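Working notes, beginning with the structure itself.
The values are calculated or read from the model by the stated rules, or taken from the named source; none is laboratory data. All figures in this text were calculated on a predicted structure; none of them were measured in a lab. So basically every Cβ, Gly included, is an ideal-geometry build from the backbone, and we count neighbours across all protein chains shown.
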Amino acid sequence: MKSYEEKLLKASISSGALRFGKFKLKSGRDSSYFWNAARMSDGESAYLQGSAYADKLVEIGVNNFDTIFGPADKGIPIATLATAALNVNHKINKKYIFDRKVPKEYGDPIDRFINGRLERGDRIIIIDDVITTGLTKKKEASLIDSLNLNLKVVGILVGLNRKETDEEGNDPIRSLQEEMGIPVHYVLDSQTIFEFLHNKEFLGMILIDDEKYRAFQDYQARYGVKD
């Protein structure tokens with residue numbers, strides 16, 4: 001497991017963002033785990049989360065983008081923390097922006113939709129928690145295009161890749177890459193989590209025993225994407 005993967009895993013478990021058991025997902029599927037990035041809301045887990053994203057951004061290549069876009073709501077703190085961690089940990093200074101869920105009815109046309117500083121021709125990477133269907137990411141890219149600043153979305157980075165198909169049986173990340181023509185990256189994926197934690201003590205606990213590991217493997221056999 002890479003260091004940035006372990007940072008996000010530690011933040012997720014210590015904060016309760018990642019839990020194991022039986023959970024009913026919005027899709028109606030019964031999952032053996034549940035991840036809610038919003039629970040990483042204390043200082044330690046927030047720092048680890050931001051650092052993990054920043055480390056991954058460095059691996060991706062920080063010369064490939066100018067601005068980090070964190071979509072409302074969950075993407076806002078992630079983008080903020082990642083931008084700060086890039087500066088503190090890597091001495092790399094980037095801008096971040098986020099959108100307004102309710103546009104202003106006054107002021108500068110760009111400020112009506114976006115909080116933050118944009119410059120013409122900026123290359124933007126969208127940063128968020130997960131990708132479920134890809135629809136929201138396409139809407140965010142459309143919003144950026146509508147600002148008429150010759151902006152370019154050059155990639156997407158999410159925290160967790162569940163490595164499972166959508167309700168139509170497609171891989172949402174692969175579909176999004178093909179449709180938008182940009183790379184989609186992730187910090188951590190479900191398979192890595194379960195393999196790393198299987199019968200291994202982590203943070204003083206064994207979180208994944210044989211039964212939980214089998215339940216995950218059964219779920220992936222039914223809903224998992226094919227590599």
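Please determine, by comparing only the residues of the stretch 52-83 that are among the small types (Gly, Ala, Ser) and in contact with a strand residue (DSSP E or B) (Cβ under 9 Å, 6 or more places away or on another chain), which one is farthest from ILE127 (Cα to Cα).
If we take residues in the stretch 52-83 being among the small types (Gly, Ala, Ser) and in contact with a strand residue (DSSP E or B) (Cβ under 9 Å, 6 or more places away or on another chain), then ALA52 is farthest from ILE127 (Cα to Cα).
Can you tell which of ILE110, ILE144, ILE114, ILE156 is in contact with a Leu (Cβ under 6 Å, 6 or more places away or on another chain) and crowded, with 19+ Cβ neighbours inside 10 Å?
ILE144
Under the condition of being among the aromatic types (Phe, Trp, Tyr) and touching a residue at least 12 places away in the same chain (Cβ under 8 Å), which residue from the stretch 84-136 is nearest to ALA38 (Cα to Cα)?
My answer is PHE98.
Out of (1) surrounded by fewer than 22 Cβ atoms within 10 Å (Cβ to Cβ); (2) touching a residue at least 12 places away in the same chain (Cβ under 8 Å); (3) in a helix (DSSP H, G or I), the odd one out for ASN63 is which?
The single condition ASN63 does not satisfy is (2).
For the stretch 126-148, give me each residue that is part of a loop (DSSP other than H, G, I, E, B) and either modelled with pLDDT of 95 or more or within 14 Å of the chain's Cα centre (by Cα) (or both).
ILE131, THR132, THR133, GLY134
Within the stretch 1-60, how many residues are within 18 Å of ASP73 (Cα to Cα), acidic (Asp, Glu) and in a strand (DSSP E or B)?
Residues meeting the conditions: 0.
Kindly indicate which of LYS22, LYS56 is surrounded by fewer than 22 Cβ atoms within 10 Å (Cβ to Cβ) and either under 22 Å from SER190 (Cα atoms) or touching an Asp or Glu at 6+ places or on another chain (Cβ under 9 Å) (or both).
LYS22
Mind counting the residues in the stretch 193-225 that are part of a loop (DSSP other than H, G, I, E, B) and either surrounded by 12 or more Cβ atoms within 10 Å (Cβ to Cβ) or in contact (Cβ under 8 Å) with a residue 24 or more places away in the chain (or both)?
4
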